[in-house]
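The values are calculated or read from the model by the stated rules, or taken from the named source; none is laboratory data. Because the structure is predicted, anything quoted here is derived from the model rather than measured. Positions of Cβ are generated from backbone atoms using ideal geometry, with glycine treated the same way; all protein chains shown enter the neighbour counts. Just so you know, the surface numbers come from the protein's heavy atoms only, side chains and all, with ligands and any DNA or RNA stripped out. Shrake-Rupley method; radii C 1.70, N 1.55, O 1.52, S 1.80 Å.
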Amino acid sequence: MRRQLRSRRAPAFPYGYRYRLDDQDEVNQNYLADEEEEAEEEARVMVVPDLEEEEEEKREEEESQAQETGSAWWRKWQIVNEYLWDPEKRMSLARTGQSWSLILVIYFFFYASLAAVITLCMYTLFLTISPYMPTFTEKVKPPGVMIRPFAHSLNFNFNVSEPDTWQHYVISLNGFLQGYNDSLQEEMNVDCPPGQYFIQDGDEDEDKKACQFKRSFLKNCSGLEDPTFGYSTGQPCILLKMNRIVGFRPEPGDPVKVSCKVQRGDENDIRSINYYPESASFDLRYYPYYGKLTHVNYTSPLVAMHFTDVVKNQAVPVQCQLKGKGIINDVINDRFVGRVIFTLNIET
């Protein structure tokens, strides 16, 4: 409710009414202030119901959205169930039992035919491959070499006065040479004449005999006279063997020999090396090799390098190469073809 105020003009009244008019102005101002306060209260009263209505509408919208979401998930679940199994049409995965039967029969014959073709191809392939002689060999015909005992990164680091630093080398050599024991070689293999191939005719599936390579051939590096293989005195023994290659034959009259020297540095770092057998070669009687299926007792020949005088307390790089006609020992990308490189670091 608003009250209308009548405006009064000052000149329409006598001078005596001046103070009463001023009083009336003050009354009017107070009245206007009261009107403003009432309007603010009415606005506050109107705002509160509006906020409550908006909150209620939001709650209703959220409830309706939740109901719609729940119903949507329920509809999806019903669709999935009907896809898995529709009891009215008696269909599973949108296919009838007859349709599934036809598909299974088709796939059975398809995979059976595929397996038969693969089996036939493998059988034909095996007919052309001999289990005794490889059809294809490596590109590099000369054999690779390896040394014993095993050493991490081919670095032989040990202290003569500390057995714990070289005992594992001794254990490795003893284990490796068990198959070379004289009694075992005499029992399993035959004593072949040296200097000529041991060629054995007959069918390729017949068992082949092997020539003896006795542990005693290695003499000071056999572990029979010195059980520590020279490691306790700072004169280590290292064994070298060629990898087996079926049918490989060194050139006749020129057996493959081993030669060791300082790879780089002062050649006087290695003053003396003894080889066993003394010829430092792989005799021809151990060739050719006929494969592990028929050459069961074959024992790879060895050459032992006995480093009797090597400079101490510094790393000495050593390179041992195979020498002989047809031998390749300078392949840059492979340091084990025809040669082997290792390091000796003997501390005292």
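Computed values, structure above
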{"read-out": "Placed amide H near Val256: partners under 5 Å, 5+ positions off or other chain", "value": "Phe282"}
{"read-out": "Under Karplus coefficients 6.51, -1.76 and 1.60, residue-wise ³J(HN,Hα) of the range 122-136 in Hz, glycine/proline x", "value": "5, 5, 5, 5, 5, 5, 8, 10, 9, x, 9, 10, x, 6, 10"}
{"read-out": "Accessible area per residue in Å² at 1.4 Å probe, computed on the range 138-346", "value": "49 Å²"}
{"read-out": "Accessible carbon and sulfur surface of the range 103-169 relative to its total accessible area, %, 1.4 Å", "value": "72 percent"}
{"read-out": "Too-long pairs where the Cα-Cα distance tops 21 Å, listed order kept, from Lys257/Lys325; Lys241/Lys261; Lys208/Lys292; Lys219/Lys323; Lys241/Lys325", "value": "Lys219/Lys323"}
{"read-out": "Neighbourhood charge, 12 Å Cβ-Cβ cut-off, centred on Phe307 and excluding it, Lys, Arg +1 and Asp, Glu -1", "value": "+1"}
{"read-out": "Interchain or long-range residues, amide H under 5 Å from Met146's placed H", "value": "Lys241, Asn243"}
{"read-out": "The range 238-348 - percent of accessible surface contributed by carbon and sulfur, probe 1.4 Å", "value": "44 percent"}
{"read-out": "Between the range 198-228 and the range 294-348, the alpha-carbon center distance in angstrom", "value": "20 Å"}
{"read-out": "Using θ = phi - 60° and Karplus 6.51 cos²θ - 1.76 cosθ + 1.60, couplings along the range 113-119 (whole Hz; Gly, Pro as x)", "value": "5, 5, 5, 5, 5, 5, 4"}
